[in-house]
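Report on the following structure.
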Amino acid sequence: MKRIHLLVLCLIPTLWAGCTKTAPPPPSAAGAEPPLPTQAQPKLRTLKLYLGPETLDAELALTQVEEQTGMMFRTNILDTDAMLFDLHAPVQASFWMTNCPESISAAYIRSDGVIAEIHHLEKNDATPVTSASDNIMFVLETSEGWFTRHHVTTGMEVRTERGSLLTTFQGR
């Protein structure tokens with residue numbers, strides 16, 4: 001009889017716990033943002049860009065992780081280093097320099113491939129540098145001062161071997 005009482009006493013908390021409402025399961029990781037990068041990404045696939053008489057072999061940040069990482073953690077950025085971001089639709093662009101130990105220059109480029117704005121992005125500055133225009137579809141990052149040194153200015157068109165940036169990226 002004592003065993004039955006003991007068994008009942010042990011089962012009551014278990015049954016009680018089974019009747020209480022449990023916390024909802026954690027959200028699925030499928031739609032979650034990727035974790036923040038912790039190191040520089042390897043060199044990405046490149047595309048030859050033409051900016052007036054100048055050419056650049058720009059790395060292409062095409063995936064969400066590549067875009068989020070950008071030039072983070074890179075050191076010794078050379079005059080030949082560049083990265084192109086396709087924003088997929090005209091937007092008011094906003095870039096910042098978290099975990100970027102070197103300052104860079106960035107051209108905010110309209111959907112027609114014309115450079116609308118050129119900005120200095122200060123190393124390790126988390127303050128967003130937002131475009132004045134809401135028609136920015138591409139951003140080209142280069143070594144600090146590249147545009148000035150190479151006489152590339154606003155109003156110039158950026159092209160590829162396939163033609164305009166828009167034509168080049170619409171087919172992807």
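For the stretch 46-170, what does the alpha-carbon gyration tensor say about shape, rounded, prolate or oblate, given a ≥ b ≥ c as the root eigenvalues, a/c under 1.5 as rounded, and a/b over b/c as prolate?
Since a/c stays below 1.5, the shape of the stretch 46-170 is classed as rounded.
Which residues in the stretch 122-151 place their backbone N less than 19 Å from a point set 7 Å from the Cα of PHE73 along the Cα-to-Cβ direction?
123-126
If Lys and Arg each add +1 and Asp and Glu each add -1, what is the summed charge of the other residues whose beta carbon sits under 10 Å from the beta carbon of MET71?
-3
Read the figures in this text as sums done on the coordinates, not as results from a lab. Every value quoted in this text rests on a predicted model; they were computed, and no experiment measured them. Every residue, glycine among them, receives a Cβ derived from its backbone with ideal geometry; neighbour counts consider all protein chains shown.
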